[in-house]
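The values are calculated or read from the model by the stated rules, or taken from the named source; none is laboratory data. Remember, it's a predicted structure, so these values are computed and weren't measured experimentally. Here Cβ is always computed from backbone atoms with ideal geometry, including for glycine, and neighbour counts include all displayed protein chains.
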Amino acid sequence: MTSDAIAAMTCDQLAPMLDPFLDGELDAATRRQLAEHLERCPRCADRLARSRALGVAIREQCPALSAPDDLRRRVQAAIRQDPSTAPSLSPSVALPAAPSSTPRAALDDPPTLPHPRSRQRSASTPWARRAVPWLAAATVLLAVGGGGWTLGTAHERALASGAARGIGADAVRDAVVASHLRSLEATNHLVDVVSSDRHTVKPWFDGKLDFSPTVVDLAGDGFRLIGGRLDYLAGRPVAALVYGRGRHVINLFVWPIDPGSADGGAHAAVTGTAMRGYNVRQWDAGGMTHWAVSDVAAPDLDAFVRLVRQPPVSPATSAPEPR
Amino acid sequence: MPTAFEAAVLPHLDAAYTLARYLLRDDEDARDAVQDAYLRALRYFPGFRGGDARAWLLTIVRNTCRTRRRRERVTARTAPFDDDLHSPIESDAAPLPPAYDHIGDVSVRDAVERLPEEFREVVLLREVHGYSYREIGEIVRVPVGTVMSRLSRARQRLRDALAPSVTPTASRDPDGAAV
């Protein structure tokens, strides 16, 4: 905004800029011009003073709070007992009906736990019994989130591979779906490199990843390549290949199978789940883990997965490049 | 031994509790929401790309609180802070409640807590947590322009609600130039 623009504005037009002025959200030039106006305009200065007073009052009366000690302990206990961080903890022990069968290991975490003071509810309830429903809640979350026919398998894999990777398959799937959702939001970017040409997308990842994802052209089958994106999942940078079908988006996440993982390479078959209305498919091939996520119908996503696994032999993939 | 997750996210427990406490206006609800949010954060942590862990956590806390409130509203079949219901009451068209005639320890906080959720959260993230418009936009998942307009409307409501108490102090401010 130029100085002329500010100078030409009426006080009422400038009023909406006063809060951003106080918040430090105006660029330097605009800020300077507005400050000049404020020096010679009592009306705007008064408005500014009111805004400033309001900010002071809010900060005084809504101060930052300290988390109560018992909340801190509850959170720590819940984190440490979460199935995804404690693979040895079978989900069944998390049922509130069987608190006595909860393994010692899950209960001996905060040995110095004092009796909570301030909260009656806390004081009247042994902390272990309070923690158990949270475990149940976590398990229900998993169950609801899984909702698919491979839930048992996925969960077992989470428990089995959690020890080796530190990250359960459920957690990875959650992260994959969360990343898919993020990529669709207007404030985020869907692709870092926009191209329907796989010979543009594939080299784009060079130097950004320590592996080279296979990029297939499936435009002839109704899945157009939109582009690629660098993402971060399961504790490492991964390739996100973005395909479109109609108005729907498919994110295909690819990264190398962790050689240290207990189940590395053992999941060549495709497993499928639905989560929060999104279909998710996972498989390993060529040393890579693949996750496909989309809101397209399950049969469409299955078709997509089949095509990625066995790309059609067509001019698009087999002929020498025309350019 | 603290895990990477604990090291990154546990230090922000106070901030998480503060946001939840003001968003939910109930201490026990806030505690439950914070614990819930940490469990969710634990699951999402593999997708955390680094950067501001506090903002990342607050995003989850905020979403957890929203989910709880929505569920609560459905259960209770009430909508006590519905935007449309409240705007005519809090606007300057209606007489101000007597409680706003003085700066008491409760009035400004009450006014903040009476704001519709969409307004309250941006005010809290700005004034209490000190985030920039861009950061608030990332937490609340709206464009910066929306953050600006929500903040502006929220503050206008607060100014209207608190006019008798805030204005006199402000206009006598020697820096205010309103001599």
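With the condition kept exactly as written, say whether any residue in the stretch A:261-268 is touching an Asp or Glu at 6+ places or on another chain (Cβ under 9 Å) and of a type in the set (S, T, N, Q). No, the stretch A:261-268 contains no residue that is touching an Asp or Glu at 6+ places or on another chain (Cβ under 9 Å) and of a type in the set (S, T, N, Q). Inclusion of A:ALA269 among residues that are at pLDDT 80 or above, crowded, with 17+ Cβ neighbours inside 10 Å and outside any helix (DSSP H, G or I) is not warranted. Filter the stretch B:122-149 down to residues that are small (Gly, Ala, Ser) and under 18 Å from A:LEU18 (Cβ atoms) and give me whichever is nearest to the other protein chains (Cβ to nearest Cβ). Ranking the qualifying residues of the stretch B:122-149, first place goes to B:SER132.
Filtering the stretch A:53-79 to residues that are surrounded by fewer than 17 Cβ atoms within 10 Å (Cβ to Cβ) and either at the interface with chain B (Cβ under 7 Å from one of its Cβ atoms) or in a helix (DSSP H, G or I) (or both) leaves A:VAL56, A:ARG59, A:GLU60, A:ALA64, A:SER66, A:ASP69.
Of the numbered criteria (1) within 9 Å of chain B (Cβ to nearest Cβ); (2) modelled with pLDDT under 90; (3) loosely packed, with under 14 Cβ neighbours inside 10 Å, the one A:SER92 fails is (1). Contact map, the stretch A:268-279: residues that are over 18 Å from A:LEU181 (Cβ atoms) paired with residues that are of a type in the set (Asp, Glu) and not in a loop (DSSP other than H, G, I, E, B), Cβ distance under 7 Å, separation 6+ or inter-chain. Pairs shown: A:ALA268/A:ASP284. I'm checking my understanding of the structure. Among residues of the stretch A:221-237 that are assigned to a strand (DSSP E or B) and at the interface with another protein chain (Cβ under 10 Å from one of its Cβ atoms), which one is surrounded by the fewest Cβ atoms within 10 Å (Cβ to Cβ)? Here the residue is A:ARG236. Counting only residues that are aliphatic (A, V, I, L, M) and closer than 17 Å to B:GLU117 by Cα, the stretch B:9-68 holds 10 of them.
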